[in-house]
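**Q** Below: one structure in structure tokens.
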Amino acid sequence: MAAAVLVLEAAAATTYTVGAPDGLWDMQTNYAEWVAKNTFHPGDKITFTYSAELHDVVEVSKAGYDACSSANNISAFRTGNDVVALTAPGTRYFLCGLTGHCDSGMKIRIDVVAAAATGSMSPAAAPTSAAAPAGATRMTTAGLAVLLLLAALHHVHV
Ligand SMILES: [Cu+2]
């Protein structure tokens with residue numbers, strides 16, 4: 001039972017729509033504010049949703065991000081519904097490649113931090129790390145208490 005709970009938590013990945021729910025990939029959204037509200041882990045995905053006629057998405061290096069330059073881009077997206085997988089811990093940088101948009105603030109920096117049971121889905125690795133396992137442990141303890149209570153009530157062996 002404990003193992004099942006931990007595996008489910010480790011496997012839970014989130015897809016974030018950039019800027020949502022208050023904004024999107026546009027010229028108005030404050031991306032520093034938006035990223036501060038979310039925590040990104042390996043396995044999560046981010047979706048850039050926008051009008052392909054108005055914007056695009058370019059993944060760049062830190063230098064490109066700082067300079068608002070997409071000259072040496074890592075990759076470029078322009079469908080208007082671009083899903084980017086955050087596969088590993090580290091920092092990813094994206095900007096809009098249209099003239100002037102990045103300078104107007106259309107750039108985003110995503111810090112991908114290791115999750116509780118990153119890398120291995122092994123339940124054995126989870127209890128040593130901080131975030132999710134605390135809740136999982138409480139759940140397991142509660143579950144065990146219920147089982148013991150039921151067992152006592154029904155005079156059956158656990
Ligand atoms: Cu743009």
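Each reported figure results from applying straightforward, stated rules to the coordinates on display, with no laboratory input. Not measured: the values here are computed from a predicted model. In this analysis, Cβ positions are derived from the backbone assuming ideal geometry, glycine residues included, and neighbour counts consider all displayed protein chains.
**Q** In segment 74-90, what residues are surrounded by 13 or more Cβ atoms within 10 Å (Cβ to Cβ) and not in a loop (DSSP other than H, G, I, E, B)?
**A** Matches in segment 74-90: Ala76, Phe77, Asp82, Val83, Val84.
**Q** Tell me, which residue of segment 106-116 that is more than 10 Å from the ligand (Cβ to nearest atom) and either part of a loop (DSSP other than H, G, I, E, B) or free of Cβ contacts under 8 Å to residues at least 40 places away in the same chain (or both) is farthest from Val57 (Cα to Cα)?
**A** My answer is Ala116.
**Q** Can you give me the number of residues within segment 92-102 that are of a type outside the set (A, V, I, L, M, F, W, C), more than 8 Å from the ligand (Cβ to nearest atom) and surrounded by 12 or more Cβ atoms within 10 Å (Cβ to Cβ)?
**A** Initial filter on segment 92-102 (of a type outside the set (A, V, I, L, M, F, W, C)): 92-93, 97, 99-101.
Retained after the next criterion (residues that are more than 8 Å from the ligand (Cβ to nearest atom)): 92-93, 99-100.
With surrounded by 12 or more Cβ atoms within 10 Å (Cβ to Cβ) added as a condition, the list becomes 92-93.
Of the residues in that region, 2 qualify.
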